[in-house]
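Below is one structure, written out as structure tokens, with a few remarks after it.
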Amino acid sequence: MIFHSGMDNQPTTNPSRSLLVRLWPWLIVLFVLLFVGFIRVRLLDMPLERDEGEYAYAGQLLLQGIPPYELAYNMKLPGTYFAYALGMALFGQTVAGVHLTLIVANSLTIIFVFLLGRKLFGTTAGLVASAAFGILSVSPAVLGMEAHANHYVILFAVPATLLLWNAGESGQLWTLFFSGLLYGLAFLMKQQGICFCFFGGAFLVWRAIQNKIIVSTGFFKMFSCFGLGMFLPFGLTCLYLGLAGVFSKFWFWTFTYAGSYVTSLTLTEGWLRFCGYCQDWIIYSGFLALAAVGLLFAGRNNASRGQIIFAIGFLFFSFFGTAIGLYFRQHYFILLLPAFAIVVGLAVHSLQQVFQSAKAGIFFKIIPLLLFAAAFIWNCFCQRQFFFQWPADAVCQILYSGDIEPFAVMPVVGKYIREHSSTNARIAVVGSEPEIYFYAQRRSATGYIYTYALMEPQPNALKMQRDMIREIESGKPEFLVWVQNNNSWIIRPASKRLIFDWFFNYANDSYERVGVIDQPSWDKVFFAWDAAAKNYHVADEPHILVFKRKSALAN
């Protein structure tokens, strides 16, 4: 008898077909990247808003060797400052450089969402999740075009979650360590990242209970490796800031003051804010409906129950991140998008499983994909002007058309100061517009780059006003900028007004008005500079005044 190996009867493999099978999912991911990238590149020069201005200015200082919290006080952890500094080192200290950095971060997150969705529920779910996340991440409903810290939180949280699941399968300690390390970096970007750290810890405990090893040396080693990785970024940052001599300021602003800030709203106020924000999600009704229907069927799939619980847990802790402080600001919901996109991918996967188990025809099997495509196209259609038509300046103005925001005029203010001062000049902005420092490329004479804390009902408010006054008077800035806009102050009935009484006495004694930006409405702005500014009558509507020190004028 002659035996054959069996290989002789196998069909010849087509190498090009095999390569296409492996690459087709990545071609779709590439399409998503190019589509989202096109929208972002088109609006690359959209003016910075306040948070972006803060991060850009702090990143600018880092590139000059100035550590965080020395010349710029804020309650956020410094990770995003380092991310901005790295991006501006690569792409330039410009608005385009800031937004190119965001494109890189957003593109990497899209890829990580695909990998996580594929790992949990298969290739189709991963592709759906990456496309859903991509289009949601540029939406005006989450202020997605602006480079908020939340983009950088999820940049690290999503791959950390992928490694966490892998570690749950393999039990490898090094995978747990790097998962914890990435979660630690997510926290370093912004305090809300701690919620993802809690998710990681909860998952490890859940798996340990499942495997009945909760009281064991093995679980202790796993949790220790995860915890060590998670603590390392924060610990090294504390060491760096201690050596730089700014640790006490860092701790006050990011923990002492931040603690009072996140506890200032009541549950009723938080609920009203949340309900108000939910109105913006009407354009996502297709995704929401798809996710809801898919979750109803997902519970029927016992084989994927562990993955489903993992995805829902990820969604829950992500939402918890948006809810800290009960402010529910639009960009906070960026933290929710990866988990929500994964759930949309799960929904499509679950509906396909239902049709497959029912032995439906091929047409019925593609219905879930058609439903997702309809939701995706509807989302793009509703936002078509924002995505494809309006220019960058118009998008900035329309985004905030409910309020009169000065973001579009700040580049002009910064340019004037930059062109009329020496490179080592100090300036002071009295108001919450840190983007002026970035545009002017001049250092601040005061660390109070925001004035919200000075108006809040918190015990240090009056002391902060006195500190800001003292820093400005001792710093003798060459330029003073006064911002008359309630969105730059958020004055309350009980707010102390010492700084208002002080400012105009001080400005009239030592400075001369050289610029007026009058903004009676969001689409009408009038500029007056130098001689024209002196006699310009300013009404009570939002405006900006620019003053130059009299001794500097004499020179």
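Of the helices (runs of 4 or more DSSP H) that lie entirely inside segment 473-555, those containing 3 or more residues that are without any contact (Cβ under 8 Å) to a residue 40 or more places away in the chain span 498-510, 531-534.
Among the residues of segment 460-470, the one identified as over 29 Å from the mean Cα position of the chain (by Cα) and either part of a loop (DSSP other than H, G, I, E, B) or within 28 Å of Asp530 (Cβ to Cβ) (or both) is Ile469. Scanning segment 48-103 for residues that are closer than 19 Å to Met145 by Cα and touching a Pro at 6+ places or on another chain (Cβ under 6 Å) turns up Gly53, Glu54, Tyr57, Tyr81. Do we find a residue being among the aliphatic types (A, V, I, L, M) and under 30 Å from Leu265 (Cα atoms) anywhere in segment 480-487? Looking for residues that are among the aliphatic types (A, V, I, L, M) and under 30 Å from Leu265 (Cα atoms), one finds at least one in segment 480-487, hence yes.
Looking across segment 52-95, the residues that are more than 19 Å from the chain's Cα centre (by Cα) and aliphatic (A, V, I, L, M) come down to Leu61, Leu62, Leu63, Ile66, Leu71, Ala72, Ala89, Leu90.
Helices (runs of 4 or more DSSP H) fully within segment 261-379 that include at least 2 residues being surrounded by 14 or more Cβ atoms within 10 Å (Cβ to Cβ), in contact with a Pro (Cβ under 8 Å, 6 or more places away or on another chain) and at positive phi: none found.
If we scan segment 208-217, do we find a residue that is among the aliphatic types (A, V, I, L, M) and in contact with a Lys or Arg (Cβ under 9 Å, 6 or more places away or on another chain)? Before you say what the answer is, go through the steps one by one.
Step one: list which residues in segment 208-217 are among the aliphatic types (A, V, I, L, M), which gives 208-209, 213-215.
Filter again for in contact with a Lys or Arg (Cβ under 9 Å, 6 or more places away or on another chain), leaving 213.
Checked segment 208-217: at least one residue is among the aliphatic types (A, V, I, L, M) and in contact with a Lys or Arg (Cβ under 9 Å, 6 or more places away or on another chain).
With surrounded by 15 or more Cβ atoms within 10 Å (Cβ to Cβ) and either over 24 Å from Leu399 (Cβ atoms) or at pLDDT 95 or above (or both) as the only criterion, which of Val36, Val21 stands out? Let's see the steps before the verdict.
On the way: Val21 fails: surrounded by 15 or more Cβ atoms within 10 Å (Cβ to Cβ).
One residue alone meets the criteria, Val36.
When the criteria are applied in full, Phe250 fails the requirement of being under 15 Å from Ala160 (Cα atoms), in a helix (DSSP H, G or I) and assigned by TED's automatic domain parsing to the domain that holds Gln172.
Is it the case, given these coordinates, that Tyr448 is under 29 Å from Ser248 (Cβ atoms), outside any helix (DSSP H, G or I) and of a type in the set (Phe, Trp, Tyr)?
On the way: under 29 Å from Ser248 (Cβ atoms): yes; outside any helix (DSSP H, G or I): yes; of a type in the set (Phe, Trp, Tyr): yes.
Criteria met by Tyr448.
In the set (1) farther than 15 Å from Leu44 by Cα; (2) of a type in the set (A, V, I, L, M); (3) more than 13 Å from the chain's Cα centre (by Cα), Ala157 fails one condition alone, (3). Of all the residues that make up segment 196-206, how many are touching a residue at least 60 places away in the same chain (Cβ under 8 Å) and crowded, with 23+ Cβ neighbours inside 10 Å? Matching residues across segment 196-206 total 2.
The values are calculated or read from the model by the stated rules, or taken from the named source; none is laboratory data. These figures come from a predicted structure and were not determined experimentally. So basically every Cβ, Gly included, is an ideal-geometry build from the backbone, and we count neighbours across all protein chains shown.
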